[in-house]
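Student: Here's a structure for you.
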Amino acid sequence: QVQLVESGGGLVQPGGSLRLSCAASGIIFRLYSMGWYRQAPGKQRELVVVITSGGSTNYADSVKGRFTISRDNAKNTVYLQMNSLEPEDTAVYYCNARLGIVNSWGQGTQVTVSS
């Protein structure tokens, strides 16, 4: 059974930083593409960034240059370093694991950017 547990969300002022973590279990982590998505109130869930098993990344234009994804296959964990946060980044952030027909989600972690 796939389990994804996000952590690291919270309240931060504009211009601040946060690092999200997603710990995975129940999968051969190194084989999976891992992603971060977000959903703001009243909006659809959108891609933030994906990292493949080979380390290739695909960032949304809105976060390029500010957010960095990384993965530690030894710890079965994917990270999202978020810098220069803006109020528009406020959302619930979800971790995603994908391989073939397997497409699993974490429970989400709230990120609020506000002064």
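Student: What tally of residues in the range 105-115 results from selecting those that are assigned to a strand (DSSP E or B) and either farther than 17 Å from V49 by Cβ or touching a Ser or Thr at 6+ places or on another chain (Cβ under 8 Å) (or both)?
Tutor: Taking the range 105-115 and keeping what is assigned to a strand (DSSP E or B), we get 105, 109-113.
Okay, now just the ones that are also either farther than 17 Å from V49 by Cβ or touching a Ser or Thr at 6+ places or on another chain (Cβ under 8 Å) (or both), so 109-113.
Count: 5.
Student: Hey, another quick one. Do you know which residues across the range 61-77 are touching a strand residue (DSSP E or B) at 6+ places or on another chain (Cβ under 8 Å), open to solvent by 20 Å² or more (accessible area, probe 1.4 Å) and of a type outside the set (D, E)? Write out each step before concluding.
Tutor: Here is the first cut: in the range 61-77, the ones touching a strand residue (DSSP E or B) at 6+ places or on another chain (Cβ under 8 Å) are 63, 66-72, 75-77.
After this cut, where a residue has to be open to solvent by 20 Å² or more (accessible area, probe 1.4 Å) as well, the list is 66, 68, 70-72, 75-76.
The answer is R66, T68, S70, R71, K75, N76.
Student: I'd like the full set of residues that are more than 11 Å from the chain's Cα centre (by Cα), assigned to a strand (DSSP E or B) and either touching a residue at least 60 places away in the same chain (Cβ under 8 Å) or surrounded by fewer than 18 Cβ atoms within 10 Å (Cβ to Cβ) (or both), limited to the range 78-101. Even if it seems obvious, please write down each step before you answer.
Tutor: Of all residues in the range 78-101, those more than 11 Å from the chain's Cα centre (by Cα) come to 83-91, 98-101.
Next cut, assigned to a strand (DSSP E or B) only: 91, 98-99.
If the condition is that a residue be more than 11 Å from the chain's Cα centre (by Cα), assigned to a strand (DSSP E or B) and either touching a residue at least 60 places away in the same chain (Cβ under 8 Å) or surrounded by fewer than 18 Cβ atoms within 10 Å (Cβ to Cβ) (or both), then R98, L99 are the ones that fit.
Student: Which numbered condition in (1) under 12 Å from the mean Cα position of the chain (by Cα); (2) open to solvent by 60 Å² or more (accessible area, probe 1.4 Å); (3) among the β-branched types (V, I, T) is the only one that I28 fails?
Tutor: Condition not satisfied by I28: (1).
Student: Return the pair list, or none, for Cβ contacts closer than 7 Å from residues in the range 31-42 that are closer than 23 Å to A74 by Cα and of a type in the set (S, T, N, Q) to residues that are modelled with pLDDT of 95 or more and open to solvent by 40 Å² or more (accessible area, probe 1.4 Å), at least 6 apart or on different chains.
Tutor: Pairs that qualify, where the first residue is closer than 23 Å to A74 by Cα and of a type in the set (S, T, N, Q) and the partner is modelled with pLDDT of 95 or more and open to solvent by 40 Å² or more (accessible area, probe 1.4 Å), are S33/T52; S33/S53; S33/R98; S33/L99.
The values are calculated or read from the model by the stated rules, or taken from the named source; none is laboratory data. Quick caveat: nothing in here was measured; it's all calculated off a predicted structure. Quick reminder, even Gly has a Cβ in these numbers, built from the backbone with ideal geometry, and neighbours come from all protein chains shown. For the accessible areas, the whole protein counts, side chains as well, though only heavy atoms, and no ligand, DNA or RNA atoms are used. Shrake-Rupley method; radii C 1.70, N 1.55, O 1.52, S 1.80 Å.
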